[in-house]
Amino acid sequence: MRVIALILLLTGSSILVFSLGYIERPGFRPFSLGSASPTPGSASNSTYPSKTSVNVLATQTPDPRLTERQRQWPIEREKLVKATYPLINEFSLDVDGDRRPDKLFYRIQPWEDDFEGQVKITAAAKRVIWDHEFYMGKNDLAKFLVEVLDYSNVTQWVKNFFNSKAPYAFEFEKARIKASEIDEVQINHAAEIHKTTAKKLRDEILSQPKNHVISYRAEWREDLMLAVYVPSLKQFICYSRGY
């Protein structure tokens, strides 16, 4: 799917074909919770699941800027990802609910011909409560920047990652998670990692008056990561992933 879409793009196919280039990635396994992901070397056999998604750009009238960026894809791709790496953004925010600011960290750095991303959260007590390292294909990163339009390059994207008013930025909210929002694959894998049961994790999540939830885009634009803080574990776990 990925190779075919790119070939069609380079031969001058339509905008619709371009925006459908990454609708689905088969063969993904559950997100590895409570620890950093495997190194980018295992990207072809990733431990992250992905749900089929629909790219909203395919149903909207194309912005002239988007049309031009797509037309100039080979040039735009290099320009958008050109930067002095690693790119790092750090931010302070209480996300675990202890009324003390936690340290939020986001980084993008090269890995061979592609990139590696990382989102890490360290509690005020110096305990790591979330650590997610993930592979980012060069074309995925460039395609994200091409389509979003709000960012002129990857440096600007990283700079705004924790800006709550910026498009596709990291988000934190206190919200009540519904049972229907908890993905069975994710919660079962979380239970396995933390040597507990899916029922206990689900019951704890649903018993909270308000859940502390973080969300952000990981490997590509449609890859929306959703994680919730579980007090008994004193860390976040992924409860859903997909567009």
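The values are calculated or read from the model by the stated rules, or taken from the named source; none is laboratory data. Just so it is clear, the structure is predicted and the values come from calculations on it, not from any experiment. Using ideal geometry, Cβ is built from the backbone for each residue, glycine included, and neighbour counts are taken over all protein chains shown. Remember, those area values only see protein heavy atoms, side chains included, never the ligands or the DNA or RNA. Shrake-Rupley method; radii C 1.70, N 1.55, O 1.52, S 1.80 Å.
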Check your understanding: Can you tell which of Lys174, Lys200, Lys195 is in a loop (DSSP other than H, G, I, E, B) and modelled with pLDDT of 95 or more?
Key -> Lys195
Exercise for review: Show the residue pairs that are 6+ apart or on different chains and have beta-carbon atoms under 8 Å apart, the first residue being within the stretch 82-101 and free of Cβ contacts under 8 Å to residues at least 60 places away in the same chain and part of a loop (DSSP other than H, G, I, E, B), the second being surrounded by 14 or more Cβ atoms within 10 Å (Cβ to Cβ) and among the basic types (Lys, Arg).
Suggested key: Pro86/Arg107
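Every residue, every condition in (1) at pLDDT below 95; (2) in contact with a strand residue (DSSP E or B) (Cβ under 6 Å, 6 or more places away or on another chain); (3) more than 18 Å from Phe162 (Cβ to Cβ), yes or no:
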| residue | (1), (2), (3) |
| --- | --- |
| Leu33 | yes, yes, yes |
| Thr59 | yes, no, yes |
| Asp98 | no, no, yes |
| Phe115 | no, yes, yes |
Check your understanding: Looking at Asp140, Asp183, Asp223, which one is modelled with pLDDT of 95 or more, surrounded by 17 or more Cβ atoms within 10 Å (Cβ to Cβ) and of a type in the set (Asp, Glu)?
Key -> Asp183
Practice item. Spot the failing condition for Tyr135; the list is (1) closer than 17 Å to Gln109 by Cα; (2) hydroxyl-bearing (Ser, Thr, Tyr); (3) open to solvent by 60 Å² or more (accessible area, probe 1.4 Å), and only one is missed. Key: (3)
Check your understanding: Of the residues that make up the stretch 143-160, is at least one open to solvent by 40 Å² or more (accessible area, probe 1.4 Å) and closer than 28 Å to Tyr229 by Cβ?
Key -> yes
Study note, to complete from the structure: In the set Asn163, Asn188, the lone residue that is polar (S, T, N, Q) and in a helix (DSSP H, G or I) is Asn188
Exercise for review: Would you point out which residue out of Ile108, Ile129 is crowded, with 20+ Cβ neighbours inside 10 Å and in contact with a Leu (Cβ under 6 Å, 6 or more places away or on another chain)?
Suggested key: Ile108
Review point. Filtering the stretch 72-96 down to residues that are at pLDDT below 75 and surrounded by 12 or more Cβ atoms within 10 Å (Cβ to Cβ), which residue is nearest to Phe161 (Cα to Cα)?
Key: Glu76
Practice item. Take the stretch 229-243 and flag every residue that is within 17 Å of the chain's Cα centre (by Cα) and under 14 Å from Lys200 (Cβ atoms). Key: Ile237, Tyr239
